[in-house]
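Only the coordinates and a few stated rules stand behind these numbers; no lab work does. Bear in mind that the values here come from a model prediction, so they are computed numbers and not experimental data. In this analysis, Cβ positions are derived from the backbone assuming ideal geometry, glycine residues included, and neighbour counts consider all displayed protein chains.
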Amino acid sequence: MSNYVRKNTPGYERSGANRDVRNGKLRQRSYSEKANALRELLPKKVKLATSRRNVQRQIDWDSDDLPWNRKGLLRSARVIAFCESLRVTSGTDVGKLLRLRPWQREVIERIYAEDPGSKLRKIRTAVLSMGRKNGKTQLAAALALCHLLGPEAENRGEVYSCANDRFQAAKIYSEMVAMIEREPVLACRTITSRPMKTIEDAETGSIYVALSREAKTKMGLSPSFVVYDELGQTEDRDLYDAMDSAMGARSNPLMLVISTQAADDLAPLSRLIDYGLRVNSGEVDDPHFHLTLHAAPPDADPWDRATWLLANPALGDFRSEEDVERLAAQAQRMPTQENAFRNLILNQRVAAETRFIERSEWKACGEAPSIPPGSKVFAALDLGSTRDLSALVLVHEDANHVFHVAPFFWLPGDVLARANEDRVPYEVWVKNEHIVPIGVSTDPRIIAGKIAELSTTYKIQTLAFDRWRINDLRRELDAIGCRVNLVEHGQGYKDMSPAVDVLERLVVQRRMRHGGHPVLTWCAFNAVVTKDATGARKLDKSRSVGRIDGLVALAMAFAAAHILDKPVDIDALIG
């Protein structure tokens, strides 16, 4: 028995007695009136049993009168039929039956396709990504209900919606409750709890729970269906991994992620999308993974309506075109809003805040570097504190004035703990030899040993350094007899501004080859620059969204090559 009564049911009086429904019991003077009113709304084969103590609806859920039970329907068609038996809960079409659009039907048909032999759904993980306000919450709520008490329901199933905070988690729950309240056939078998954000199906014993990343524990769960709302905005993948790993006890579980893209490549959603793109291209064979991505290409005109349509399949339908036009006009007038427009509306992987280096520009310099042994190189070291990342970067200019970059990184402390702390895959980078663990704390002796090793392979002209612990490094270099020309490089606006200018111009002119080194790329995408009153710029660690040590060392290496080594006209260099 539902705690909710459809208030606009014909013949239903809005009295205190009529609203007093608890634990399946109804006050004696109203049970028959309510039962008779609801009987007119139910399918003809639905049996409605009444008594003086309660109104207990006995429904034949296998009846062909229910749209999703009609003979000959494919599994996906049953899901679509169930969704279209629900009603719109807000907007201009409120109260009308939900009508899925062709692009929504296509997504459902792909996700719910059956294996001919086992009759099980082939897809276990599905990702649907598009711009904001394209009906993600409505579709997610409809599918969650389908798995709770529709054709995808199973005995004692567990349905969860996941989000990053309690407010976001409540959105799908509220939409599900609103849909249930408008359908007596569904309301008669559900028990809802607004404080706990739960819905229980009295027919199968299944339960729905809204979870947030803030919840203290997710252990002991056995999900049959999970929908993760806006995974792109999460800071870590703890909740996603907890739910994904808990699905193993079910025979045919489904994880559905519905979200706008994240801002960077290392975000959990970005990794899922990149994997899905490899699956879609045929590079990876995984019949259990599905990706539908509605996004504008990076080089598309962001102000063209055709570009908007690529990321907003509901544009001009239930996604307001006037609103998108307004946001586009604001982004054109205020450049600081452009990245937010690209990320949230065009569903591009762009940080909402302005970063120093554009993602597309950096990736265009991703060809493999080539530094032959014996080459003349310039180096820079950003030596970390006891627990910070340390970065050493070599640069070599070839005959075509293209710079080849070789970075080296060291990480102190427990790798897995640091990975959780910084929310990046340090353990993967260590395994792939992109980072070297350096022990409990930063040890200048190890870094000095690497410099000495490199000095036997290349001709290190100059090594730029900041003042932090440089005496420790000097001591270790002297101890092993390594003679390197060390040149101090300040970190303030005066010294860093020319280096930042050179770095930026080399990236834009594509005169750099960094090979897509993942740690250096991460540093580049984290970097934010600040300006002083004169317009001088520097890479600002305090304002950046993550560690930028590698990019700082790269800028210093360019300074060593062109500024510290021999004074030149910077305008001529970058002009």
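Place a +1 charge on the Cβ of each Lys and Arg in segment 305-354 and a -1 charge on the Cβ of each Asp and Glu, then give the dipole magnitude about the Cα centre in debye, rounded to the nearest 20.
So the magnitude is around 160 debye.
Whole-Hz ³J(HN,Hα) for each residue in segment 363-377, computed from phi via Karplus 6.51 cos²θ - 1.76 cosθ + 1.60 with θ = phi - 60°, x for glycine and proline: what do you get?
Whole-Hz 3J(HN,Hα) from phi for segment 363-377: 5, 5, 9, x, 5, 5, x, 9, 10, x, x, x, 5, 7, 10.
Please turn the phi angles of segment 165-177 into ³J(HN,Hα) values with the Karplus equation 6.51 cos²θ - 1.76 cosθ + 1.60 (θ = phi - 60°), one per residue in order, whole Hz, x for glycine and proline.
Working through the residues one at a time gives 8, 5, 5, 5, 5, 6, 5, 5, 4, 4, 5, 5, 4 Hz.
Can you list the residues, at least 5 places off or on another chain, whose amide H is less than 5 Å from the amide H of Gly316, using H built in the peptide plane?
Glu321
Amide H neighbours of Glu367 under 5 Å, counting only residues 5+ apart in sequence or on other chains, H built in-plane at 1.01 Å?
Amide H neighbours of Glu367: His514, Gly515.
If the limit is 29 Å between Cα atoms, which of Lys96/Lys171; Lys459/Lys531; Lys171/Lys541; Lys376/Lys538; Lys71/Lys96 go over it?
On the way: Lys96/Lys171 20 Å; Lys459/Lys531 35 Å; Lys171/Lys541 36 Å; Lys376/Lys538 27 Å; Lys71/Lys96 25 Å.
As for pairs spanning more than 29 Å Cα to Cα, those are Lys459/Lys531; Lys171/Lys541.
Roughly how many Å is it from the Cα centre of segment 106-139 to that of segment 503-536, as a whole number?
39 Å
Highest mean first, how do 486-497, 166-177, 116-127 rank when packing is the count of other Cβ atoms within 10 Å averaged over residues? Before the final figure, lay out the partial values.
Numbers: 486-497: 17.2, 166-177: 19.9, 116-127: 15.5.
Final packing ranking: 166-177, 486-497, 116-127.
Sort segment 305-354 into rounded, prolate or oblate with this rule: let a ≥ b ≥ c be the square roots of the eigenvalues of the Cα gyration tensor; rounded if a/c is under 1.5, and if a/c is not under 1.5, prolate when a/b is larger than b/c, oblate otherwise. Before the final figure, lay out the partial values.
Details: a/c = 2.56, a/b = 1.49, b/c = 1.71.
Since a/c reaches 1.5 but b/c is at least a/b, the shape of segment 305-354 is classed as oblate.
What ³J(HN,Hα) values, in whole Hz, does the Karplus curve 6.51 cos²θ - 1.76 cosθ + 1.60 give for segment 403-419 when θ = phi - 60°, with x put for Gly and Pro?
Here the 3J(HN,Hα) series is 9, 9, 10, 10, x, 9, 10, 10, 10, x, x, 6, 4, 5, 5, 5, 4 Hz.
Placing +1 at every Lys and Arg Cβ and -1 at every Asp and Glu Cβ, with all other atoms neutral, what dipole size does segment 414-454 have around its Cα centre, in debye to the nearest 20?
Working: 5 positive and 7 negative charges, 12 e Å.
For this selection, approximately 60 debye.
Within 10 Å of each residue's Cβ, count the other Cβ atoms and sort Ile460, Ile258, Ile480 from fewest upward. Please list the in-between numbers first.
On the way: Ile460 20, Ile258 26, Ile480 11.
Going from least to most buried by this count: Ile480, Ile460, Ile258.
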